[in-house]
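Each remark here refers to the structure printed beneath this line.
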Amino acid sequence: MTTQSTPPSTATVSIPVKKTPTALRLLENYALLILTVLVFLFFSFFPPSAASFPTVNNLNVILGSQSVVALVAIAALFPLVCGYFDFSLGAIAAMTQVMCAGFMVNFGWPLWLAIIVPLILAVGVGALNGLLVSRFGMSPFVTTLGMAMLLTGLMIWYTGGQTLVSGIDPALIQFGSARWLGIPVVFFITLAVAAVAWYFFTHTPFGRSLYAIGSNATAAKLVGLPVSKNIWWSFIVAGLIAGLAGIMQLSRTGSAVASDGNSLLFPALAAVFLGATTIRPGFFNVGGTIIGAIFVAVSVSGLALSGASGWASNVFNGVALLAAVGLSTYLGRRRKSG
């Protein structure tokens, strides 16, 4: 008598996957945007700031001044997506601002040449940063911080500690104060740069390769991506955009003075990391960065018009940066763990 054994069942056991409810996912993706609207409404009705905060003039000041910070933030995105910091971007912006003004004031250069040459210098600084980091393996933190200190010292030497005012082409200043549809023209330039950067990151192989490098550089190299070359180019593009931010800053202020650029860099970094908590939580992204920049600008402006002391903006930027880094790090780890 033969006994036949029953073959084991091949039926698959379906394990239910816990999905995030749509409403909760939307809240997570757009929480910063909602918070920005709430902060705007708060300062609009808060008695100390209600008279001056929701005015057209104040909104134009916010959009105009924050356009420069947003450009520096977009510049910072390129190396950050690869996993690298660039702390020289504020100094690069300050350098192009001073050099553009200096070429007109000291040498009488025409406006177009006084803009192009500083932008070329900004690209050169970005290329040098990228070369030192990608080819020679130097620490990006130390390299770009040292470059920022070097540029600041050179600008102090170049200006002699003086403010450059007289001799700047009036056309540049008029451009910085011009409005279209009642909104500063520089804001539209920032939106145009942001749109190009968004398309670059989301619709080009090179842009997507930067995300791959930032996620796992070793794996990116194994699949044939030119990791060192792409990192180098990310620093070059960052330098170019930061240089453009410096030219826009000159058009807004109408003067130039040697500075370390931290007044642009730290709010920009806060915007970038805040942006990593919205739209695509856990990823650095252009849309979130613009929202983060507006959130920082609205909050700082509201605090200033409410009578807060001068140190309040630095405290807010510091707290916002710490909170944004912590939250974006948490979201990134949660994304990687599924």
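The values are calculated or read from the model by the stated rules, or taken from the named source; none is laboratory data. If you're wondering where the values come from, they're calculated on a predicted model, not measured in any experiment. With ideal geometry, Cβ positions are generated from the backbone for all residues, glycine too; neighbour counts draw on all protein chains shown. Note: areas computed on protein heavy atoms with side chains; ligands, DNA, RNA excluded. Shrake-Rupley method; radii C 1.70, N 1.55, O 1.52, S 1.80 Å.
The single condition among (1) touching a residue at least 60 places away in the same chain (Cβ under 8 Å); (2) in a loop (DSSP other than H, G, I, E, B) that Ala308 does not meet is (1). Condition check for Ala127 on (1) open to solvent by 10 Å² or more (accessible area, probe 1.4 Å); (2) at pLDDT 95 or above; (3) of a type outside the set (Phe, Trp, Tyr); (4) in contact with a Ser or Thr (Cβ under 8 Å, 6 or more places away or on another chain): one failure, at (4). Among Ala238, Ala212, which is the only one that is touching a helix residue (DSSP H, G or I) at 6+ places or on another chain (Cβ under 6 Å), hydrophobic (A, V, I, L, M, F, W, C) and at pLDDT below 95? Exactly one residue qualifies, and that residue is Ala212.
Return yes when Phe107 is open to solvent by 40 Å² or more (accessible area, probe 1.4 Å) and touching a helix residue (DSSP H, G or I) at 6+ places or on another chain (Cβ under 7 Å) and no when it is not.
Working: open to solvent by 40 Å² or more (accessible area, probe 1.4 Å): yes; touching a helix residue (DSSP H, G or I) at 6+ places or on another chain (Cβ under 7 Å): no.
Against the criterion (open to solvent by 40 Å² or more (accessible area, probe 1.4 Å) and touching a helix residue (DSSP H, G or I) at 6+ places or on another chain (Cβ under 7 Å)), Phe107 does not qualify.
The residue of segment 39-97 that is least open to solvent (accessible area, probe 1.4 Å), among those that are among the small types (Gly, Ala, Ser) and part of a loop (DSSP other than H, G, I, E, B), is Ser88. List every residue pair whose Cβ atoms sit under 6 Å apart, with the two residues 6 or more apart in sequence or on different chains, where the first one lies in segment 46-57 and is under 12 Å from Ser301 (Cα atoms) and the second, anywhere, is modelled with pLDDT of 85 or more and among the hydrophobic types (A, V, I, L, M, F, W, C). Filtered contacts from segment 46-57: Ser49/Phe43; Ser49/Leu305; Ser52/Leu305; Phe53/Phe43; Phe53/Leu305.
Check segment 255-270 and report whether any residue there is charged (D, E, K, R) and either at pLDDT 90 or above or open to solvent by less than 20 Å² (accessible area, probe 1.4 Å) (or both). Checking segment 255-270: not a single residue is charged (D, E, K, R) and either at pLDDT 90 or above or open to solvent by less than 20 Å² (accessible area, probe 1.4 Å) (or both).
Here's the yes/no breakdown for (1) surrounded by 13 or more Cβ atoms within 10 Å (Cβ to Cβ); (2) farther than 21 Å from Val72 by Cβ:
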{"residue": "Phe141", "(1), (2)": "yes, no"}
{"residue": "Ala148", "(1), (2)": "yes, no"}
{"residue": "Thr204", "(1), (2)": "no, yes"}
{"residue": "Gly214", "(1), (2)": "yes, no"}
{"residue": "Ala220", "(1), (2)": "yes, yes"}
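Phe187 falls short of the stated requirement of being among the aromatic types (Phe, Trp, Tyr), open to solvent by less than 30 Å² (accessible area, probe 1.4 Å) and in contact (Cβ under 8 Å) with a residue 24 or more places away in the chain.
On the stretch given as segment 123-175, residues that are in contact with a Cys (Cβ under 9 Å, 6 or more places away or on another chain) and part of a loop (DSSP other than H, G, I, E, B) total 1.
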